[in-house]
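Taking it in order: structure first as structure tokens, then the write-up.
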Amino acid sequence: MTTLFTGIAELTTNDDELGTLTDAALVIDGDRVAWVGPQRQAPDADTRVDLGGRAVLPGWVDSHTHLVFAGDRTAEFAARMAGKPYTAGGIAVTVAATRAASDDELAAGLRRHIAEARSAGTTYLETKTGYGLTVADEVRAATIAAGQADEVTFLGAHLVPPGMAADDYVTLVCGDMLTAVAPLVRWADVFCETGAFDEDQSRAVLLAARSHGLGLRVHGNQLGPGPGVRIAVELEAASVDHCTFLSPSDVDALAGSDTVATLLPACDLSTRSPLPDARALLDAGATVALASNCNPGSSYTTSMAFCITTAVLQMRMTVPEAVRAATWGGARALRRETEIGILRPGSRADLHVLDAPSATHLAYRPGVPLTHSVYRAGKQVS
């Protein structure tokens, strides 16, 4: 079954040859894009959808979330707004609540948050373990995540649980925990930060994960300058996420590597941290992604549009740069950039239709819900 979409005022393809088209049309065949081009040249199809002068983008690719959790950290947020600084230790509150929750409760929460994200244009989503921190609880989180999320990352190295020595816990993560979780996930991550895991501990976790055939990701340079970016580039991680505090050498290292700098502006706003220097990264030639970092402690939002608005209005990114970072950039951070985050013949038919004539309205009309409809793998989901 083929479907022709017409009446596209602006079509963002993220394809270097196709570029951004006006007065465009697009044909999908099953779950794939079959044709893209000017509306006047559109071929026939089995059905036709007139979008009435709306803009079409690839669906958002949210490459960094923490959605297998229970509990609430409203009190922590309120304290932070009153001036208390953010630290990594608040994760322990969510760990306790998550351990106490049932499988059904965790699965229902994950399902609710994914549905919320899809309704606002997210068509591909990564999520992490990391709120269990025992072998059994990390396996449980990975199993629940694998049933619903598009990509799953093992984040046993999220925080050292109370009552354990850091080196003993790292030994557990690199040994029994990794062995048990690895078959359920594609990626491994580590929170390389003061209050979490130091450079040697982070490297040990990443090397162990790589020996199990997992791709690598790093939480780095969030709370201050540190070794996260350097380790990520050294070990050829797919992405290093946060990048709030970067030195010139960090920027140069990212620009000279295949490691994506994934920026999480909603988290920086929620923790009252500086926003990353997206302009320096882009001007140096680094690949940038934007992601929500949805989690109950430091960034409780699934709204990629909010991240776009922040990136444009406060981080000196242009609208095309921000949209590309939230689509193709996220796909690149997940090493899926030839299939998702892009609209060209052969790519997955993930369409985000805006109730606006151009993507510029995402920043021009901040806070206004602009999602008209969402198609995921060719099927309308919102």
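The values are calculated or read from the model by the stated rules, or taken from the named source; none is laboratory data. All of these numbers come straight from a predicted model, not from anything done at the bench. Using ideal geometry, Cβ is built from the backbone for each residue, glycine included, and neighbour counts are taken over all protein chains shown. The protein model used for the area step is the full one, side chains on, heavy atoms only, and it has no ligands, DNA or RNA in it. Shrake-Rupley method; radii C 1.70, N 1.55, O 1.52, S 1.80 Å.
Within region 322-367, can you find the residues that are part of a helix (DSSP H, G or I), within 19 Å of G19 (Cβ to Cβ) and in contact with a helix residue (DSSP H, G or I) (Cβ under 6 Å, 6 or more places away or on another chain)? If the condition is that a residue be part of a helix (DSSP H, G or I), within 19 Å of G19 (Cβ to Cβ) and in contact with a helix residue (DSSP H, G or I) (Cβ under 6 Å, 6 or more places away or on another chain), then A322, A326, L362 are the ones that fit. Selection of region 4-36 for residues being hydroxyl-bearing (S, T, Y) and either free of Cβ contacts under 8 Å to residues at least 60 places away in the same chain or surrounded by 21 or more Cβ atoms within 10 Å (Cβ to Cβ) (or both) yields T6, T12, T13, T22. Screening region 256-272 for residues that are without any contact (Cβ under 8 Å) to a residue 60 or more places away in the chain and within 14 Å of G285 (Cα to Cα) and picking the one that is surrounded by the most Cβ atoms within 10 Å (Cβ to Cβ) gives A261. Name the single residue, out of those in region 286-302 being touching a helix residue (DSSP H, G or I) at 6+ places or on another chain (Cβ under 7 Å) and in a strand (DSSP E or B), that is farthest from T259 (Cα to Cα). Among those that are touching a helix residue (DSSP H, G or I) at 6+ places or on another chain (Cβ under 7 Å) and in a strand (DSSP E or B), it is S299. One residue alone among A142, A180 is within 20 Å of the chain's Cα centre (by Cα), outside any strand (DSSP E or B) and among the small types (G, A, S), and that residue is A142.
Of all residue pairs spaced 6 or more apart or on separate chains, those with beta-carbon atoms under 9 Å, a first member in region 160-189 that is open to solvent by less than 80 Å² (accessible area, probe 1.4 Å) and a second member that is in a helix (DSSP H, G or I) and aromatic (F, W, Y) are V160/Y169; P161/Y169.
Can you name every residue in region 39-64 that is among the charged types (D, E, K, R) and surrounded by 19 or more Cβ atoms within 10 Å (Cβ to Cβ)? If the condition is that a residue be among the charged types (D, E, K, R) and surrounded by 19 or more Cβ atoms within 10 Å (Cβ to Cβ), then R54, D62 are the ones that fit. Among the residues of region 284-299, is any crowded, with 24+ Cβ neighbours inside 10 Å and within 30 Å of T47 (Cβ to Cβ)? Looking through region 284-299, none of the residues is crowded, with 24+ Cβ neighbours inside 10 Å and within 30 Å of T47 (Cβ to Cβ). Counted as qualifying within region 65-138 are the helices (runs of 4 or more DSSP H) with 3 or more residues that are surrounded by fewer than 24 Cβ atoms within 10 Å (Cβ to Cβ), within 20 Å of the chain's Cα centre (by Cα) and of a type outside the set (D, E, K, R), namely 103-119.
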